[in-house]
Structures are given as structure tokens and as C-alpha cells.
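Only one structure is covered here, and it is reproduced in the block below.
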Amino acid sequence: LPLCFPEKLWKMLESDQFRSIWWSEGGKCVAINKDLFEVEVLGRGVCQRVFNTQHIRSVIRQLNLYGFTKVQRDCQRSASLPEFLSEEAAASAHSQILYYYNPSFNRAHPWLLGMCKRR
């Protein structure tokens, strides 16, 4: 039987084959480097394709259908100008990283994966 979307996502996160998607926030969020994901995952040939799409917005739509919500990185800003500027540079580098959360999709609790149902 083919895997459903959350199962495919879990296998990708647990694999060391992909650099564009990883667990973050202690295994509670999915982090996706949008630009790298489009090349590494969605740019594959038909035979090697993980998802039946070549568009990031279709993957995001699937995340939303399965109850994932987009979350923002919680960044505390420094008061000093040099520190603030270096943090801003780091934040712009992270602007292509998307974070998604689902309470039933948690690395520490794999048995919850069955609770990820399509809406």
C-alpha cells in the first residue's frame, strides 16, 4: 500500500537522505528549507519522486489538509546595534525556512502519527 502524506513526511525526516527537511524545536516542528526542498525533493525525476507534485504550494496544501499550521521562529532581538544587525542577517538567511507544527506529529511520540488524518 502506498504511504499517506504524513507517513512519507515522517520517513523523509527520519532519513539522512534529505538536507532540505528536518525536525526542529526538539522534534515538535517540521522545518523546510523552501529553495533546497524545491530542488532536492520536488525537482526529482518521475521515478524518484517522493510526492506527486513539483510545486511547493501543493506540499504546503497537504500540510494544511493534515492539520499542520505554519509557525514563526520566536526570535528575541538584542539591544546593541552590532548584535541586532548580525541577528537580522541570520534571520534573512532563515527567511526561506518554513516551520510547521501539528500536535499529533512529534518525533518523541511516533504512535501519534496515526492521529494525523486528512480533514
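The values are calculated or read from the model by the stated rules, or taken from the named source; none is laboratory data. No experiment lies behind these values; they were computed from the predicted model shown. Every residue, glycine among them, receives a Cβ derived from its backbone with ideal geometry; neighbour counts consider all protein chains shown. Just so you know, the surface numbers come from the protein's heavy atoms only, side chains and all, with ligands and any DNA or RNA stripped out. Shrake-Rupley method; radii C 1.70, N 1.55, O 1.52, S 1.80 Å.
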Tally of residues being surrounded by fewer than 15 Cβ atoms within 10 Å (Cβ to Cβ) and either within 11 Å of the chain's Cα centre (by Cα) or of a type in the set (S, T, N, Q) (or both) across the range 1-18: 2
Selection status of ARG57, over 18 Å from GLU7 (Cβ atoms) and either part of a loop (DSSP other than H, G, I, E, B) or among the hydroxyl-bearing types (Ser, Thr, Tyr) (or both): no
Pairs, first on the phi < 0 side of the Ramachandran plot in the range 101-119, second open to solvent by 60 Å² or more (accessible area, probe 1.4 Å) and in a loop (DSSP other than H, G, I, E, B), C-beta under 6 Å, six or more apart: ASN106/LYS28
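Those residues that are part of a helix (DSSP H, G or I), of a type outside the set (Lys, Arg) and either at pLDDT 95 or above or in contact with a strand residue (DSSP E or B) (Cβ under 9 Å, 6 or more places away or on another chain) (or both), I need them from the range 28-48; list them, please.
Answer for the range 28-48, where residues must be part of a helix (DSSP H, G or I), of a type outside the set (Lys, Arg) and either at pLDDT 95 or above or in contact with a strand residue (DSSP E or B) (Cβ under 9 Å, 6 or more places away or on another chain) (or both): LEU36, PHE37, GLU40.
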Residue match in the range 87-97 (condition: assigned to a loop (DSSP other than H, G, I, E, B), surrounded by 13 or more Cβ atoms within 10 Å (Cβ to Cβ) and modelled with pLDDT under 95): no
Boolean, ASN52 is farther than 13 Å from GLN96 by Cβ, at pLDDT 95 or above and surrounded by fewer than 16 Cβ atoms within 10 Å (Cβ to Cβ): no
